[in-house]
2 protein chains.
Amino acid sequence: MNERRSEHVRTGNGTPAYRRIATELWDEIQAGQLAPGVRLPNEGDLAARFGVTRLTLRQAVIELQRLGAVEIRRGVGTFVMAPPDLVEIVASVPPARQESDATADAFDEHALRRSARPVRAVDELILSSGTATGPLADEASGHLGMPSDQLHRLDTVMVRDGRRWIANSYWFHARWAGVADLVAEHSLVVRAFTDGYGLPLGYLWRAFSAIGADFDDAETLGVPTGTALLVRDGVSAGVTGEPVFYVRRRLRGDEAKFVLRYDTERVPVEG
Amino acid sequence: MNERRSEHVRTGNGTPAYRRIATELWDEIQAGQLAPGVRLPNEGDLAARFGVTRLTLRQAVIELQRLGAVEIRRGVGTFVMAPPDLVEIVASVPPARQESDATADAFDEHALRRSARPVRAVDELILSSGTATGPLADEASGHLGMPSDQLHRLDTVMVRDGRRWIANSYWFHARWAGVADLVAEHSLVVRAFTDGYGLPLGYLWRAFSAIGADFDDAETLGVPTGTALLVRDGVSAGVTGEPVFYVRRRLRGDEAKFVLRYDTERVPVEG
DNA sequence: AAGTGGTCTAGACCACAAA
DNA sequence: TTGTGGTCTAGACCACTTG
């Protein structure tokens, strides 16, 4: 009889060592035996404890890092992570009027709620500004209904208290290329459009997806390559409904959450 | 002078070999020189070409896998991935009435649009059903306003055409524990509530975030541990507004996208 | 049977952070 | 300076897929 396979035990005997180690540590963390903030033994000692090479042990620890269970600090040690402190970006449905920048505002409010001392507001810094190329330019071109050779691309990062929270890429018609010069004055790209140019904006649509951080986003946000990011993209338009820009924001998935509240009426059935 | 550091070249000399290799292959893929579907040379040959050990080469390839650039098939080879075929789950704002299960429906429609032949509808299979424990049970308890010892947990996976698309976890009052027996008949958990129990449901709120796949989700969805997943959770309630269940869905982030269309009126300013 | 990726060892040296 | 994690080698054997 073939009785060996098809067992659903998570730490079976056919399971590789690094996976056994990772699940064992994971379970200890979930159970609270390894409390948040605790430093794990160094990799050499852990490897000895589990009877494997440091390289194998490391494979397990890196997997835990990607699950958000531990934080590895080079030259210092590996620490059990605390449950993430979620920033909730709330939008009511139907939407309330007159928000300045829902994302930036939510990060501001969140900082205010958990600090008695005054905190600095979110600031948007320009990383690069130039012509749009690559596959994403074609996508933006489609969303905006403009040929991609007329598009300008603006890359920024939103910063608060010295930490980089959100990577943003904007695509818009080259006639607006000057916004880049107004961002410093108005703190945020959106305000550079609305206040700097006097151009009222509204959503046409917003969307949510998730990706692993590529090399650029990983560097911008200070996370390991492949970290799960929440992507929020969408098109904003002027009062007459003509698209102005397509924006694609990337946030660390474990520390931000977009919430839609259905306040006014009940919406039948879903799962 | 110290001129070596602080260059922003992506393939500088201080960069580890595996990272240089990964960025080089990544750039070739982005530029289309390595077209989707193409099989890369085997790891031994690639390692020789880059002058590194197979282990080092492998570190680069695995990083590309996490970025969704390549697909590694054991015993077969490593292939450049095609741009993902996104399933768009669209909700209009304000919402339209009478959807049965927006998520499942979107996957059905998507399959219909790209296949001349009839396709099977999404089906929901029960993975486990039992009492609720762990940190997520406490969260569910808070969302529902019920003590966690009165909660029942139901884990399912949505399947279509033999592929597992969405991992779901439901928490609800133990009085509804019987839904598990109605799911097979009604295909979907939501329909087991609405049709089986005659209980109309509506959203209270929905939220979006992102996480790396943990061991269970990775197995359920057939993806590597740590893969970026889109999380859509929320609370549904009955007609009188009392919460019925909290649900937490996990989808592969690269193949699903939630879209909110603001059809009726413009919503002022955002970014 | 042949070819592919998956795991692992034993050891080495390097880069970084804190004392 | 010490201790931590980060990278890399050269080789071995195993597991899976396909013919």
Diffing the stretch A:206-221: the Karplus 3J(HN,Hα) column from phi (6.51, -1.76, 1.60, θ = phi - 60°), in whole Hz with x for Gly and Pro, holds 9, 9, 10, 8, 9, 9, x, 4, 7, 4, 5, 5, 4, 5, 4, 9
Given A:Leu67, A:Asn42, A:Val80, which one lies farthest toward the positive end of the charge dipole of the stretch A:34-93, if we put +1 on the Cβ of every Lys and Arg and -1 on the Cβ of every Asp and Glu? A:Asn42
What is the order of B:Glu124, B:Glu109, fewest Cβ neighbours within 10 Å to most? B:Glu109, B:Glu124
For the pair A:Asp85 and A:Asp195, what calculated FRET efficiency results from E = 1/(1 + (r/R0)^6), where r is the Cβ-Cβ distance and R0 = 41 Å, to the nearest 0.05? 0.85
Roughly how many nanometres apart are two label points built 7 Å out from the Cα toward the Cβ at A:Asp216 and A:Arg113? 3.3
Counting only helical runs of four or more DSSP H residues, what would the 222 nm mean residue ellipticity of the protein assembly as shown come to if each run contributes -39,500 (n - 2.57) and the total is spread over all its residues? -8000 deg cm²/dmol
Positive-end residue of A:Val90, A:Phe193, A:Tyr203, charge dipole of chain A with Cβ unit charges: A:Val90
From the phi of every residue in the stretch A:239-256, what ³J(HN,Hα) in whole Hz does the Karplus formula 6.51 cos²θ - 1.76 cosθ + 1.60 yield, where θ is phi - 60° and glycine or proline is x? 4, 8, x, 7, x, 10, 9, 10, 10, 9, 9, 10, 10, 4, x, 7, 10, 9
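Quick one: dipole size for chain B, taken about the Cα centre, charges +1 on Lys/Arg Cβ and -1 on Asp/Glu Cβ, in debye to the nearest 20.
On the way: 32 positive and 37 negative charges, 170 e Å.
Dipole of chain B, to the nearest 20 debye: 820 debye.
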Place a label point 7 angstrom from the Cα of A:Ala48 along the Cα-to-Cβ direction, then list the residues of the stretch A:23-41 whose backbone nitrogen is under 13 Å away. A:41
Karplus-derived 3J(HN,Hα), 6.51/-1.76/1.60, for each residue of the stretch A:37-43, Hz, glycine and proline x: x, 5, 8, 6, x, 5, 4
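With the Cα gyration tensor of the protein assembly as shown in hand, convert its eigenvalues to equivalent ellipsoid semi-axes via √(5λ) and list them largest first in whole Å. Walk me through the intermediate numbers first.
Numbers: eigenvalues 230, 229, 119 Å².
Working from the Cα gyration tensor, I get semi-axes of 34, 34, 24 Å.
Could you work out the equivalent-ellipsoid semi-axes for chain A, taking the square root of 5 times each eigenvalue of the Cα gyration tensor, largest first, in whole Å?
Values for chain A, descending: 42, 21, 21 Å.
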Report, by chain and number, residues whose modeled amide H sits under 5 Å from the one on B:Phe245, excluding near sequence neighbours (fewer than 5 apart, same chain). B:Ser236
For A:Ala132, distant residues with modelled amide H under 5 Å away: A:Leu151, A:Arg153
What nm distance separates the two modelled labels at A:Thr15 and A:Ala137, each placed 7 Å from Cα along Cα→Cβ? 4.9
In the protein assembly as shown, with Lys and Arg counted as +1 and Asp and Glu as -1 at Cβ, which of these residues, B:Thr56, B:Ser148, A:Leu112, has the Cα nearest the positive end of the dipole, that is, farthest along it? B:Thr56
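About the Cα centre of the protein assembly as shown, what is the dipole size in debye to 20, counting +1 per Lys and Arg Cβ and -1 per Asp and Glu Cβ, all else neutral? Could you put the intermediate results ahead of the total?
Numbers: 64 positive and 74 negative charges, 250 e Å.
Roughly 1200 debye for the protein assembly as shown.
None of the figures in this text is laboratory data; all of them are computed from the coordinates on show. From a predicted model like this one, the values you see are computed outputs, not experimental measurements. Cβ sites come from the backbone with ideal geometry, for glycine too, and all protein chains shown count toward neighbours.
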